[in-house]
1. From ASN92, ASN109, which residue is of a type outside the set (Asp, Glu), at pLDDT 95 or above and closer than 17 Å to ARG50 by Cα?
2. Going by the conditions given, is HIS98 open to solvent by less than 40 Å² (accessible area, probe 1.4 Å), within 11 Å of the chain's Cα centre (by Cα), closer than 21 Å to GLN171 by Cβ and not small (Gly, Ala, Ser)?
3. I need a count of the residues in the stretch 49-76 that are open to solvent by 40 Å² or more (accessible area, probe 1.4 Å), without any contact (Cβ under 8 Å) to a residue 60 or more places away in the chain and of a type outside the set (Phe, Trp, Tyr).
4. Just to check your reading of the model, which residue among LEU47, LEU68 is assigned to a loop (DSSP other than H, G, I, E, B) and farther than 18 Å from VAL160 by Cβ?
5. For the stretch 101-120, which residues satisfy the criterion of being of a type in the set (Phe, Trp, Tyr), under 16 Å from GLY44 (Cβ atoms) and either more than 18 Å from the chain's Cα centre (by Cα) or assigned to a strand (DSSP E or B) (or both)?
6. Kindly indicate the residue of the stretch 167-180 that is assigned to a loop (DSSP other than H, G, I, E, B) and within 14 Å of MET113 (Cβ to Cβ) and also least open to solvent (accessible area, probe 1.4 Å) among those meeting that condition.
Amino acid sequence: MKKSFHKTLLALIVVFVPPFFLVFTEEGNRVSDNVMLWLFDRPGIKLNLRQANRQYTESDLKKAYPELEWRCGRVDSAFGQSACNAAIGTFNELPARHIVAFFANGRLNAIEMNYHPRYHQALLKQLLKTLGQPQNAAQATRPAPDADPVLQWSTGKGLVILKKTLNPDDQAALLWLASVE
């Protein structure tokens, strides 16, 4: 009798815990979204923001991420004279929409990464883990209206910028801007 109860309990755990994890937890949502993006052939990219720098060219970008369908051309932007963009499924294993790389004088000048807003807090945690506390962390902890709504991290080769919180009508985007050399 006792053995049968334990087997039944184990079977219930095996059946109900994975769906509960996938549906009701943030990590489970991320995992299930990533699987769906993979099933629909949305490529993922891994980008070490500490390594991004002005030395990269458009051809370097295409060599680094050959699985992406890059569309490149001239633009009228404060970030550069040309840009390449591509649809993506994930950015550093977080569901994302697309990446835009801007080039000034043939060199990487800025990166805009558009991601799904529901993963804003997960992205913020990832940045804190990989880049540490933002430069303006002291300002970020101040109560409003003195608090800086935008967080920034210096990588030595660039500046990573992310909004502290997203409003419902905000675009969910991370920016990397090259340092002036």
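1. Numbers: ASN92 fails: at pLDDT 95 or above.
Result: ASN109 is the single residue among ASN92, ASN109 that is of a type outside the set (Asp, Glu), at pLDDT 95 or above and closer than 17 Å to ARG50 by Cα.
2. Working: open to solvent by less than 40 Å² (accessible area, probe 1.4 Å): no; within 11 Å of the chain's Cα centre (by Cα): yes; closer than 21 Å to GLN171 by Cβ: yes; not small (Gly, Ala, Ser): yes.
Criteria not met by HIS98.
3. Residues that pass the stated criteria total 15.
4. On the way: LEU47 fails: farther than 18 Å from VAL160 by Cβ.
Only one candidate qualifies: LEU68.
5. Within the stretch 101-120, the subset of a type in the set (Phe, Trp, Tyr) is 102-103, 115, 119.
Now drop any that are not under 16 Å from GLY44 (Cβ atoms), which leaves 115, 119.
Result: TYR115, single match.
6. Among them, the one singled out is ALA172.
The values are calculated or read from the model by the stated rules, or taken from the named source; none is laboratory data. For clarity, every value in this text was computed on a predicted model and none was experimentally measured. Here the Cβ is made from the backbone with ideal geometry for all residues, glycine too, and neighbour counts use every protein chain on show. The protein model used for the area step is the full one, side chains on, heavy atoms only, and it has no ligands, DNA or RNA in it. Shrake-Rupley method; radii C 1.70, N 1.55, O 1.52, S 1.80 Å.
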